[in-house]
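Report on one structure; see the data block that follows.
Just so it is clear, none of the values below were taken in a lab; they were calculated from the coordinates. All values reported here derive from a predicted model rather than from experimental measurement. Glycine gets a Cβ as well: all are built from the backbone with ideal geometry, and neighbour counts include every protein chain shown.
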Amino acid sequence: MGYIKKLNKWANAHTNLVIDLFRVVLGVVFFVKGIEFMTNFEEMERLASPFQNVPGGMIILHYLVPAHFVGGLLIVVGLLTRWASIAQIPILFGAILTNFLGEMNTNNLILAIIVSLLCLFFIVYGSGKHSVDYYLKMQQ
């Protein structure tokens with residue numbers, strides 16, 4: 001727990017509105033992708049086809065939508081940003097892997113790599129100063 005406190009102190013000392021804007025955009029991307037997967041089942045089924053024979057393939061599909069939807073909301077407001085980003089990592093790894101196992105879509109691959117790097121950054125950086133986490137911490 002001491003390590004996370006050190007990271008929070010560092011992040012709050014080096015906060016920037018642009019970084020918080022990146023956090024909000026990342027959360028909106030996850031939220032929109034969650035809605036897209038909910039409304040377009042055929043596309044989701046096509047993307048998941050490389051994992052069809054993998055044990056627990058349906059569990060992957062049922063994890064994907066709520067993780068994007070709820071995780072996106074949490075990242076947008078800055079509440080439990082590290083945990084929400086950690087929950088996205090297996091999905092993003094699968095998104096990158098899908099491009100190599102299934103049909104290669106360069107746009108999806110680039111988006112998945114960029115979003116993965118942003119998630120890794122926010123796992124280290126945290127929510128920042130303009131977030132619900134910071135507000136709740138200041139209320140204590």
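Take every pair of alpha-carbon atoms less than 8 Å apart whose residues are at least six positions apart; their mean separation over the length of region 2-139 yields a relative contact order of 34 percent. Taking label points 7 Å from Cα along the Cα-to-Cβ direction, GLU45 and LEU111 give a separation of 2.1 nm.
Phi angles across region 58-64 convert, under the Karplus curve 6.51 cos²θ - 1.76 cosθ + 1.60 with θ = phi - 60°, into 3J(HN,Hα) values of 6, 5, 4, 5, 7, 7, 4 Hz, Gly and Pro given as x.
For the residues GLY94, GLY128, GLY56, a GNM of the chain with alpha-carbon springs under 10 Å puts the largest fluctuation on GLY56. Can you pull the percent of Cα pairs in the chain with separation above 27 Å? Tail of P(r) above 27 Å: 25 percent of Cα pairs.
Between THR81, ASN108, VAL70, the Cα set farthest toward the positive side of the dipole of the chain (charges on each charged residue's Cβ, about the Cα centre) is that of THR81. For the chain, the mean residue ellipticity at 222 nm estimated from helices alone is -27000 deg cm²/dmol, where every DSSP H run of n ≥ 4 contributes -39500 (n - 2.57) and the total is divided by all residues, rounded to the nearest 500.
Multiplying the residue separation of TYR63 and LEU7 by 0.36 nm and subtracting their alpha-carbon distance yields 17.3 nm. Each of LYS5, LYS137, LYS33 was scored by other Cβ atoms within 10 Å of its Cβ. Arranged with the fewest first, they read LYS5, LYS137, LYS33. The phi-based Karplus calculation (6.51 cos²θ - 1.76 cosθ + 1.60; θ = phi - 60°) puts the 3J(HN,Hα) values of region 65-78 at 5, x, 5, 5, 5, 6, x, x, 4, 5, 5, 4, 7, x Hz, whole numbers, x for Gly and Pro.
Kindly count the pairs of lysines across region 2-139 whose alpha carbons are less than 27 Å apart, treating pairs on different chains or eight or more residues apart as eligible.
So the count of such lysine pairs works out to 8.
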